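K.L.:
The structure follows.
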């Protein structure tokens, strides 16, 4: 659904204690703290790798060829994200690894559509010359936001709702999905602000600074989730004892 | 009972404080000047004390002389827009040589070779250094301010007395070529004009090539006395590429070539009896530019431009450098003196022998005048070194006489201005100036007497006397110019800070009043919420503050519509998030976001219109034709869609009536609106090319239908007022009554607003209805009913409401600039111009969708939760809610305006202060006062007839529209 773009704040929304949803999560593979950090590291390195390939192999960058660079990044990043998060899918015995991957791949364009619509509502330029840029940007955004959720939770409405609308992650894995996704959206939102300024720099064009903002937000979100996982893991550990 | 009246009292107090703060701030910031409708005439001269002439002209000039004797016959004015001083002056006079210097070589060569018959002047312009204001300043000899209060409404045509007008009045033939701004300023004056569009900044060549095509052939023609050629290339090259760029240098070199040719032609024809025997060439800039190509402000780079003057006659045999205090001998051969642009109009008038423009406060510049005088004073006399002394004296005598006329004319203007202007000069200043004048005048009459007594005496002794006299006049004229500058070009920081301070205080009072109201009613409401900590409160603050901060940059002001839309979309997405969280009203949230996406495109169309104003203004009052070039499908859609929207609106109203809950007076009011809607439909149909042949011949309803609509609207208002006074029926329960009243009021306003907005009106009205409906439905989505906090003020919804209003302002094709006003709207239904009537129509058009409708529609936001059965609290808490909403709405508007005022204060030296910040300030301030007034009216209307009773009245559900 249209959740996406639930911008900002890991708000303190008063929870309606209606979360009767929780599926039995014990069966799914739970990443340990060190593993969580590793996952984030791999995702982050994937981004960096994408940039490096674009820069060194094709000698292009985000400012000179936004559309190509974005495509390169999402093409490199998507297998990493989908493969990793599908591995931690919910109910592994009911849902094969392949199915989780398929879910992720299918949600990629769907989520991109939602992201693109949200961006257009917020004022992203529309036109034929912007079309490839918007498509590649929204695919990348979809990768940051919806794809991990789809791979892990599939079509479970309550889980989507919990992660995007309530921002109430409960477990380590949910933190790892929720925080970077929110970070990416907030980063993109903030990244749009320099666009109207009259500095006449090439990076003020759509979607360059928005992409930078989204990626920065994504990285910050990953850092935050690492922190949560470390702190939370210890906390859960203590609690468990 | 008390609360209601206390609220209204607070509203009035806040309105008063706002008005005071704005008045004080405006006095300090917006320099205004009244345009006087008076003109100078040849016949005025006998009223002056200067008619005395020491030398009755031995060879009476064939041309009848007017105020001064004509010195030159023809003037060729080449205006190079945004000509920096260092484009013209030799690079040796600057510490560092830059690539763009020394490109206009021909001017430097002439200035150095021909001695004093060609000269480069450094011309100092006065801010605002925008072309329009500068051309106005150059021709009127005054100091145009940001707002010249005058009789021109819409059209920028100059109605003040000015050089061009004087030329035309005195039988001179003026030819213009180049920048079409001249045509806007002087629509009737030129006998021949070759205007080229100036709005396309990216086009470096159209205007210039047009000029070149016509300039050289015209030099061989005899059919003009004054020729103005205005080249725009430098300005455009600066805007696009900056000063240090290849296109700029190419432009300069191109001009060098052209000027060379022009001078060549003029010189060849300047022999005795030649076509240009007595022609003065002036090559000048209207303002400078910064290295980035910006102009508008008052920095040295922007105000310093240049005038090159060249006379093709023999040079005068002396230099009147004695009076020139600012001469700089920079180069061996080129001396550059300084001249004020202010002095241009009067000097040229003196040279051509026409009356000085009435409102000019410049002085006849001695050097520039001397350049021309060379052709005149030497005339007919044998030239010998021994006579130079006499010549000089004669010249000075003549010059003193001209200054006498000059001073008399300036004094006359100052006196008339102070007498007729609302905000005149202070009496102290006037006294000082009068004293100076009286002194100079006494001296002069003394000298004149002496002369007339002993006509044939030796003049030698009078030389120092004369130069003292000239100094006395200079004193007077420069003190007038200083006074005028301080009055018309300098900000009064003290008053501005006081204004800002009062505005800030008013915000505190506003918050205090809200808190007080909250407390007062707090006891009645069990769940009186702590709005202080909720997320939606913080988020609303965030949105409002973000918007306020965005006014700090000119870019965000330029794109204000998009910024507002961005923030509105953000709130919409947050609401959608809540909708997903609560799993309800998803469709409303989605519709709201879709609506914002649509609004976003209309805003962009409006903004693109801003970029190319002059092109669009003439074509169509409706933005839709803006992107409907020629394809018939587009045209049909553009014709049909508004009508369809109109029909939907009418149907909605019909359904409201049909629901049966509206009775009596209110019903008639709403029926009236439905009739108005139908009339508007007929009006549009008759105007459109599509349907008019079928329906009726054109023109029958052209003026009558709009007038009828206005009349119906007015009648409805009267009915509503009548109902307010006498119709105290309590049969309806008060909430329903309120909704009925709101519907009646909105529908009353809407018909007039829609017809004024043109065809987009109905679409925008429909967007308003849908948007408002979504906001209302989503109002309490964040909350759980179980917590029982319904009935509280929801700051987020009010913020959304206010942002929606801002978006509607921009999507109706307005923007915060005076060319953003849709002047066409003022003439819907009327052909002739009556200031007050047209101003009212224009106000309704400008602020209709952004102020009138949202403010009168605000009660829906309060009423909905009662109608939807979300809360069953009594009337008192309802009154509290409504008053709080109005307070909050006012507060949000006031915050934005305060931010604008602070930003304008901070940015008062910004390049764009006159282009962007000042218009934004004016629009915001007018909007704020209007909001305050409307809130007071709305509170009177909605709560005036309401009795405070605490009885619980059971509520019924009702569909709003």
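Any read-out appearing in this document is the output of simple, stated calculations on the displayed coordinates, not a laboratory observation. This one's a predicted model, so the numbers in the text were calculated from it and none came from an experiment. Note that each Cβ is placed from the backbone with ideal geometry, even for glycine, and that neighbours are counted across all protein chains shown.
K.L.:
What is the calculated FRET efficiency for residue B:546 to residue B:132, with r their C-beta to C-beta distance and R₀ = 35 Å, to the nearest 0.05?
P.N.:
Numbers: r = 34 Å, r/R0 = 0.97.
The pair residue B:546/residue B:132 has a calculated efficiency of 0.55.
K.L.:
Rounded, prolate or oblate: pick one for the range A:33-240, where a ≥ b ≥ c are the square roots of the eigenvalues of its C-alpha gyration tensor, a/c under 1.5 means rounded, and failing that, prolate if a/b is larger than b/c, else oblate.
P.N.:
Values: a/c = 1.73, a/b = 1.65, b/c = 1.05.
Cα axes put the range A:33-240 in the prolate bin.
K.L.:
Looking at the square roots a ≥ b ≥ c of the eigenvalues of the Cα gyration tensor of the range B:197-305, which shape do they give, rounded for a/c under 1.5, prolate if a/b is larger than b/c, or oblate?
P.N.:
Numbers: a/c = 2.39, a/b = 1.97, b/c = 1.21.
Judged from the Cα gyration tensor, the range B:197-305 comes out prolate (a/c at least 1.5, a/b above b/c).
K.L.:
Same structure again: So how far apart, in nm, are the two label points at residue A:204 and residue B:667 if each is 7 Å from Cα heading toward Cβ?
P.N.:
The two pseudo-label positions are separated by 6.0 nm.
K.L.:
Just want the ordering: B:73, B:471, from fewest to most Cβ atoms lying within 10 Å of their own Cβ.
P.N.:
Numbers: B:73 18, B:471 13.
Lowest count first: B:471, B:73.
K.L.:
Compute the distance in nm between two label points, each set 7 Å from the Cα along the Cα-to-Cβ direction, one at residue B:837 and one at residue B:703.
P.N.:
Distance between label points: 0.8 nm.
K.L.:
For labels at residue B:32 and residue B:584 in the simple 7 Å Cα→Cβ model, what's the distance in nm?
P.N.:
Between residue B:32 and residue B:584, the label points sit 5.3 nm apart.
K.L.:
Provide B:542, B:592 in ascending order of the number of other Cβ atoms located within 10 Å of each residue's Cβ, fewest first.
P.N.:
Numbers: B:542 15, B:592 29.
By the 10 Å Cβ count, ascending: B:542, B:592.
K.L.:
Between residue B:675 and residue B:929, what is the FRET efficiency for a Förster distance of 45 Å, r being their Cβ-Cβ separation, to the nearest 0.05? Each step should come with its number before you reach the end.
P.N.:
Details: r = 33 Å, r/R0 = 0.73.
The pair residue B:675/residue B:929 has a calculated efficiency of 0.85.
K.L.:
Moving on to the next point. For B:831, B:365, B:415, B:932, which order do you get if you count the other beta carbons within 10 Å of each Cβ and list the fewest first?
P.N.:
On the way: B:831 7, B:365 26, B:415 14, B:932 21.
In increasing order of surrounding Cβ atoms, one gets B:831, B:415, B:932, B:365.
K.L.:
Shape of the range B:131-283 from its Cα gyration tensor (a ≥ b ≥ c, root eigenvalues): rounded if a/c is under 1.5, otherwise prolate when a/b > b/c, or oblate? Mind showing how you got there, number by number?
P.N.:
Details: a/c = 2.05, a/b = 1.07, b/c = 1.92.
Verdict is oblate for the range B:131-283.
K.L.:
Work out how much length residue B:250 to residue B:465 would gain on full extension: take 0.36 nm times their residue separation and subtract the Cα-Cα distance, in nm to one decimal. Please list the in-between numbers first.
P.N.:
Details: separation 215, 0.36 × 215 = 77.40 nm, distance 5.15 nm.
Between residue B:250 and residue B:465, full extension yields 72.3 nm more.
K.L.:
Next question. What FRET efficiency would be calculated for the residue pair residue B:43, residue B:482, taking the C-beta separation as r and a Förster radius of 35 Å, to the nearest 0.05? Present the calculation step by step, with values, prior to reporting the outcome.
P.N.:
On the way: r = 31 Å, r/R0 = 0.89.
The pair residue B:43/residue B:482 has a calculated efficiency of 0.65.
K.L.:
Kindly list the residues of the range A:150-175 that lie in the label zone of residue A:29, defined by a backbone N under 17 Å from the point 7 Å along the Cα-to-C-beta vector.
P.N.:
Those under the cut-off are A:150-154, A:172-174.
K.L.:
Sticking with this one: Quote to one decimal, in nm, the extra length available between residue B:449 and residue B:203 on full extension: 0.36 nm per residue of separation minus the C-alpha distance between them.
P.N.:
Between residue B:449 and residue B:203, full extension yields an extra 82.5 nm.
K.L.:
Multiply the residue gap between residue B:416 and residue B:497 by 0.36 nm, knock off their C-alpha separation, and tell me the result in nm, one decimal place. Walk me through the numbers before you get to the answer.
P.N.:
Numbers: separation 81, 0.36 × 81 = 29.16 nm, distance 3.17 nm.
Residue separation times 0.36 nm, minus the Cα-Cα distance, leaves 26.0 nm.
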